[in-house]
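We did not get these values from a lab; they are worked out from the coordinates using the rules stated. The structure presented is a predicted model; accordingly, all values stated were derived computationally and were not measured. Here the Cβ positions follow ideal geometry from the backbone for every residue, glycine too, while neighbour counts run over all protein chains shown.
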Amino acid sequence: MEASDLTGRGYGAVLWEPDGKTVRNARVTRFMNWLAADRGPAFGGYEDLWRWSVTDPAAFWSAVWDYFEVLGDRGDGPALAGEVMPDVRWFTGATLNYARNALRTAWTDPDRTAIIFDSERTRAGSLSYGDLAREVARVAAACAGSASAAATGLRRCCRTSRRRSSACWPPRAWARSGRPARRTSARAA
């Protein structure tokens, strides 16, 4: 089958393009504006940013860490060490807590949508960052204790996530307050 056969059937056709306001308000646009103002590289659009990200990945990922204010200890290592996968290492010596970074919006904007989901078996819906933080806290509480309890909680989570993710989730400190506890250490918990 030739490519022209596929495009004739709608494959590869552009389904949606953002309007000017959406582009101006996009996070990637704000990132490019920040780069131009604070770091020097100015880009004419997404394609230029992408090109920079693949031609100078160390500078790109260093800028991503700084712009998004990653919570953690960046360490003394370079942003990128090595040149060819799989021997490349990012942020050698850095320590961070992924959950803390992923859920920090729960502290500042708990009603903001974190996840939009759909299923062929059940209803579509969404979870706010606050809801997601409570789910995480419930699973963490279920996993607290022994390694076998953690493994059991993880198995239960994987098994029930097909039905509804809330069947297993959150961290002890969150369970009481319904909010994530703020950590002062950058080390992974």
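Remarks
- Simple spin-label estimate for V64 and A94 gives 0.8 nm between the two label positions (7 Å along the Cα-to-Cβ direction from each Cα).
- Measuring r between the beta carbons of T122 and A13 and using R0 = 30 Å, the FRET efficiency lands at 0.50.
- With each label modelled as a point 7 angstrom along the Cα→C-beta vector, the E47-L71 pair spans 3.9 nm.
- Dipole in debye (nearest 20) - the stretch 1-117, about Cα centre, beta carbon charges: Lys, Arg +1; Asp, Glu -1: 360 debye
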